[in-house]
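Undergrad: Let me give you the structure first, and then I'll get to my questions.
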Amino acid sequence: MFETNEYCCRVCETHQDEIGREPSVHHITPRGCYSDDEWRDFNKLTNLISLCPSCHGTFEGEFTESSPEEFVEKAREEKY
């Protein structure tokens with residue numbers, strides 16, 4: 001997953017070298033929002049995004065019905 005994002009936060013584009021570690025894997029829609037029948041969707045790439053610790057803390061629980069692309073767009077609008 002990190003290779004596809006060039007080891008950067010998808011929102012602020014901070015590289016892992018600046019962060020000091022790999023970005024976190026963020027689940028856009030939290031596990032608690034999935035039924036027992038849907039739990040496998042929790043770890044699909046359509047529900048995951050890489051975020052630096054700062055963006056992860058800022059946007060935890062936000063935009064939970066978004067695609068990764070929509071999440072980035074909304075987060076950037078709010079942050080910048």
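The values are calculated or read from the model by the stated rules, or taken from the named source; none is laboratory data. Note that this is a predicted model, so its numbers are computed, not measured. All Cβ positions, even for glycine, are placed from backbone atoms using ideal geometry, and neighbour counts span all protein chains on display. Protein only, heavy atoms only, side chains kept; ligands, DNA and RNA dropped before computing areas. Shrake-Rupley method; radii C 1.70, N 1.55, O 1.52, S 1.80 Å.
Undergrad: First select every other residue whose beta carbon is under 12 angstrom from the beta carbon of Tyr80; then total the charges, Lys and Arg +1, Asp and Glu -1.
TA: On the way: positive: Lys74, Arg76, Lys79; negative: Glu13, Glu73, Glu77, Glu78.
Net charge around Tyr80: -1.
Undergrad: Give me the dipole magnitude in Debye, nearest 20, for the chain about the Cα centre, with unit charges on the beta carbon: positive for Lys and Arg, negative for Asp and Glu. Intermediate results must be reported in sequence, preceding the final value.
TA: Details: 8 positive and 18 negative charges, 32 e Å.
It works out to roughly 160 debye.
Undergrad: In terms of solvent-accessible area of protein heavy atoms at a 1.4 angstrom probe, what is the ranking of Val25, Val11, highest value first?
TA: Working: Val25 60, Val11 5 Å².
If we order Val25, Val11 from most to least accessible, we get Val25, Val11.
Undergrad: Per residue, how many Å² of accessible area does the chain show with a 1.4 Å probe?
TA: Solvent-accessible surface per residue comes out at 63 Å².
Undergrad: List the GluC sites (Glu not before Pro) in segment 1-54 that DSSP assigns to loop (not H, G, I, E or B) and whose Cβ has at most 16 other Cβ atoms within 10 Å. Which are they? Spell out each step's value before the answer.
TA: Details: sites: Glu3, Glu6, Glu13, Glu18, Glu38; in loops: Glu6, Glu13, Glu38.
Filter output for segment 1-54: Glu6, Glu13, Glu38.
Undergrad: Just in segment 1-62: which chymotrypsin sites (Phe, Trp or Tyr not before Pro) are loop by DSSP and have at most 13 other Cβ atoms within 10 Å? Show your work: numbers first, answer last.
TA: Numbers: sites: Phe2, Tyr7, Tyr34, Trp39, Phe42, Phe59; in loops: Phe2, Tyr7, Tyr34.
Sites meeting the loop and neighbour criteria: Phe2.
Undergrad: What is the angle, in °, between the Cα long axis of helix 68-79 and the longest principal axis of the Cα atoms in the chain? Nearest 10 is fine, range 0 to 90.
TA: Long axis of 68-79 versus the principal axis of the chain: about 50 degrees.
Undergrad: May I ask you to rank Arg40, Arg76 by accessible area, largest first, using a 1.4 Å probe over the protein chains only? The partial results should precede the final answer.
TA: Details: Arg40 170, Arg76 85 Å².
From most exposed to least exposed: Arg40, Arg76.
Undergrad: State the label only: which of (i) 28, 15, 8; (ii) 22, 14, 10; (iii) 19, 16, 13 corresponds to semi-axes √(5λ) of the Cα gyration tensor in Å computed from the shown model?
TA: Given (i) 28, 15, 8; (ii) 22, 14, 10; (iii) 19, 16, 13, the structure-derived one carries the label (ii).
Undergrad: Helix-derived [θ] at 222 nm for the chain: sum -39500 (n - 2.57) over DSSP H runs of at least 4, divide by residue count, nearest 500?
TA: Working: 3 runs with 23 residues, N = 80.
Taken over the chain, the calculation gives -7500 deg cm²/dmol.
Undergrad: A further question on this structure: Taking 8 Å as the Cα distance limit and 6 or more residues as the minimum spacing, I'd like the relative contact order of segment 1-59 as a percentage.
TA: On the way: 71 pairs, mean separation 23.9, N = 59.
Computed value for segment 1-59: 41 percent relative contact order.
Undergrad: Shifting gears a bit: Give the carbon-plus-sulfur fraction of the accessible surface of segment 30-80 in %, rounded to a whole number; probe 1.4 Å, heavy atoms of protein chains only.
TA: Here it works out to 47 percent.
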